[in-house]
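Scroll down for the structure; my scribbles are underneath it.
We did not get these values from a lab; they are worked out from the coordinates using the rules stated. Small disclaimer: the values here were computed from a predicted structure and weren't measured. Note that each Cβ is placed from the backbone with ideal geometry, even for glycine, and that neighbours are counted across all protein chains shown.
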Amino acid sequence: MYKLPHLDLPPLRGAAGTVRLPGSKSISNRVLLLAGLSEGTTLLRDLLDSDDTRVMLAALAALGCGLARQPDGALAVSGLGGRLQVHQAALFLGNAGTAMRPLTAALAVLSALQGGQFELSGVPRMHERPIGDLVAALRQLGCGVDELGTPGFPPLRLHGTAGGVLQTAQEIRVRGDVSSQFLTALLLALPLAAADPAGAPVVIAVDGELISKPYVDITLNLLARFGIQVLRNGYARFTIPAGSRYQSPGVIHVEADASSASYFIALGAIAAGQAAGDAPLVIDGLSLDSIQGDIRFVEAARLMGADITGAPGRLTVRRGDWPLRAITLDCNAIPDAAMTLAVMALYAQGTTRLVNIASWRVKETDRIAAMATELRKLGATVTEGQDFIEITPPTVWQAASIHTYDDHRIAMCLSLAAFNPLVAVPGGEVSVRILDPQCVAKTFPDYFEALFTVARTAEADIPVITIDGPTASGKGTLAATVAARLGWHQLDSGLLYRATALAAQRQAVAADDEPGLARVAAGLDLRFDGERVLLDGTDVATALRQEQVGSMASRISAWPAVRGALEALQLAFRRLPGLVADGRDMGTVIFPAAPLKLFLTASPAKRAERRYKQLISKGISANLSDLRADLEARDERDKTRLIAPLKPAQDALLLDNSGLDIEQSVARVLDWWAQRGPF
Ligand code: DC
């Protein structure tokens, strides 16, 4: 897949509508492991599909768990029943802490009891994220753990010989003040060491104050659903009873991700309507009584002014107080969602102080340093300490290019800075560039699509690049490539004329029946699905490329009523974050105010040659001189027709690509576009 270097967000002005969020990462990876260790099959519904769950799935598959996707999208996991099927494997776990820590614990315990050798590694950042406290706890148990790189960090080798015994007579001590995932990992794995009903219970004691307690609550809640009742004494001692056995609950329904919800809760508080009659922002798949700790972001957002109401499986958010209220808050319980508060602080009156967030420094990146740097780029005043951050909103906003540090949450929360037109500040409205936007795939691959379905802006703020030119000049390929490089939509307007021609042929409407053709154009049932073009529900992508369809399109496009009937359809392609439109009159008639217009040409000989190669490569026979004659006739007709004739817009830039390959043409266009923007 092409990696988008950046995504530009134009100034955004409001938000309304419904979003459905992906499943919770914390729940997904925990239930995957629990289902993988259980006896029997567990059906997982609404499981998150993201980078972090994909590495967990790959690991389970490598360990011999059965994974079967059901027709309705649910995943059936057949577990190991606590017995290793595979005794040796190298598992790559990307940057997923929720996979690395629990798999380390589970495979260390299983190797120690049943024999095995497993190597666990990840991306370079994963090898900088601490795991020493967990390793120390596993060694107390008698597990064999080798640190293959820097001591205290992955990669690790876990090994043991069959018939080993674990030292469970004494309590196992683990530090709780660096990451709660170490405790979670032990809680998920140690039922394996307490399986014998005649044996002793396993006791885990936490050293230091446990951070991120709500994540441990999720762990306990899910263990209970898999038949393991952990007894606890506050958050200091946890006892796993003897005779513990993972039992599949049959079906598990994964809630929407509460951390992902934070961006849309914040969005509602910043940009949704305030009056009762205004459309709110609705978040589907999550309730106020969610088992996820980050649901408590709701309380924090309310403190800042958000108006949030809940119903089963649904949150409704409106703007409450505006501007938002600055707060001082201990964020220990909601470390991930608290990053969103740091961006809400840009819209608050006064200085917001988020404290007790030292764990930010050992996440996907050093999040305190990263947030401070990026918020300052926008004009905010930021003070950072070892375990706090303090944000005062910009007095003058600046367009900023946001570095994302391969950290999904930096990309998602800082995208909310694009709503700056909603605060009346000097400096005016600014765009926000998100670098490496696809890093959101860690937990929310479709984040920006979801944002754009609910974000509102002025039509004029949605950028359009128009590419007009004669047939076979390479407009389509150029437009598609430029659109892909910018992460924008594409309108191939010729396709609409071709579809009208094809539909007219199928309905036996003649090429000279102007009102009949206009009716066909207005009633087109056309949908786009990746490479497929569906006309009345069937794929016509190939049929539309036929020469006779193109030539009828050229003829019927001369009728004013046909052009008029297709206008609204074309305008509707202008959607966030931007549009590249190609055709004959994109810059002159349909998008006359487009900020960048191109007129693409190539010599008739060159164009005929390209079309010839294209047809031959598809196995369609062709004759070069016929093609050239046909092409020149079509040029003549498109140029001389009275309505919307093919000609460059007055302010169009001319690009003769006779001597350029596609990469060179694309580079030229992107360069022209870059010259027009603030970045
Ligand atoms: O670009 P194309 O070959 O797919 O276009 C098919 C015909 O549609 C072309 O001969 C002229 C007509 N057309 C038009 O009149 N206006 C447009 N914006 C696009 C295409």
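Name the residues in segment 182-225 that are of a type in the set (Lys, Arg) and over 25 Å from residue 250 (Cβ atoms), would you?
The answer is 213, and nothing else.
Within the bounds of segment 3-13, is there any residue that is within 30 Å of residue 430 (Cβ to Cβ) and over 21 Å from the mean Cα position of the chain (by Cα)?
Yes, segment 3-13 has at least one match.
Here is a list: 168, 150, 161, 184. Which entry is on the phi < 0 side of the Ramachandran plot and assigned to a helix (DSSP H, G or I)?
Of the residues listed, the single one that is on the phi < 0 side of the Ramachandran plot and assigned to a helix (DSSP H, G or I) is 184.
What are the pairs, 6+ residues apart or on separate chains, where a residue within segment 507-520 that is farther than 14 Å from residue 496 by Cα has its Cβ under 6 Å from a residue that is of a type in the set (A, V, I, L, M, F, W, C) and exposed (fewer than 12 other Cβ atoms within 10 Å of the Cβ)?
Note: no pairs meet the criteria.
Let me spell it out: the conditions are (1) in contact with an Asp or Glu (Cβ under 6 Å, 6 or more places away or on another chain); (2) crowded, with 23+ Cβ neighbours inside 10 Å; (3) not aromatic (Phe, Trp, Tyr), and residue 305 meets all of them except one. Which number is the exception?
Failing condition for residue 305: (2).
Among the residues of segment 638-656, is there at least one that is surrounded by fewer than 13 Cβ atoms within 10 Å (Cβ to Cβ), within 16 Å of the ligand (Cβ to nearest atom), outside any helix (DSSP H, G or I) and of a type in the set (Val, Ile, Thr)?
No, segment 638-656 contains no residue that is surrounded by fewer than 13 Cβ atoms within 10 Å (Cβ to Cβ), within 16 Å of the ligand (Cβ to nearest atom), outside any helix (DSSP H, G or I) and of a type in the set (Val, Ile, Thr).
Kindly establish whether residue 327 is touching a strand residue (DSSP E or B) at 6+ places or on another chain (Cβ under 7 Å), surrounded by fewer than 24 Cβ atoms within 10 Å (Cβ to Cβ) and either within 23 Å of residue 397 (Cβ to Cβ) or acidic (Asp, Glu) (or both).
yes
Of the residues that make up segment 472-485, is at least one touching a Lys or Arg at 6+ places or on another chain (Cβ under 8 Å), hydroxyl-bearing (Ser, Thr, Tyr), within 13 Å of the ligand (Cβ to nearest atom) and within 30 Å of residue 9 (Cβ to Cβ)?
For segment 472-485, residues touching a Lys or Arg at 6+ places or on another chain (Cβ under 8 Å), hydroxyl-bearing (Ser, Thr, Tyr), within 13 Å of the ligand (Cβ to nearest atom) and within 30 Å of residue 9 (Cβ to Cβ): absent.
Answer with yes or no whether residue 336 is under 24 Å from the mean Cα position of the chain (by Cα), surrounded by fewer than 16 Cβ atoms within 10 Å (Cβ to Cβ), more than 16 Å from residue 392 (Cα to Cα) and in contact (Cβ under 8 Å) with a residue 40 or more places away in the chain.
No.
Would it be correct to say that residue 480 is surrounded by fewer than 18 Cβ atoms within 10 Å (Cβ to Cβ) and in contact with a Pro (Cβ under 9 Å, 6 or more places away or on another chain)?
no
Mind counting the residues in segment 561-571 that are touching a residue at least 40 places away in the same chain (Cβ under 8 Å) and farther than 14 Å from residue 520 by Cα?
1
Which fully enclosed strands (runs of 3 or more DSSP E) of segment 1-117 have 1 or more residues being farther than 30 Å from residue 138 by Cβ?
Of the strands (runs of 3 or more DSSP E) lying wholly inside segment 1-117, those with at least 1 residues that are farther than 30 Å from residue 138 by Cβ span 6-9, 17-20, 41-45, 66-69, 75-78.
Find all pairs meeting these conditions: Cβ atoms under 7 angstrom apart; at least six residues apart or on different chains; first residue within segment 179-199 and crowded, with 24+ Cβ neighbours inside 10 Å; second residue among the acidic types (Asp, Glu).
Every condition considered, the pairs that remain are 182/133.
Yes/no matrix, rows are residues, columns are (1) hydroxyl-bearing (Ser, Thr, Tyr); (2) touching a strand residue (DSSP E or B) at 6+ places or on another chain (Cβ under 6 Å); (3) farther than 25 Å from residue 3 by Cα:
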site	(1), (2), (3)
379	no, no, yes
418	no, yes, no
428	no, no, yes
440	no, no, no
443	yes, no, no
467	no, yes, no
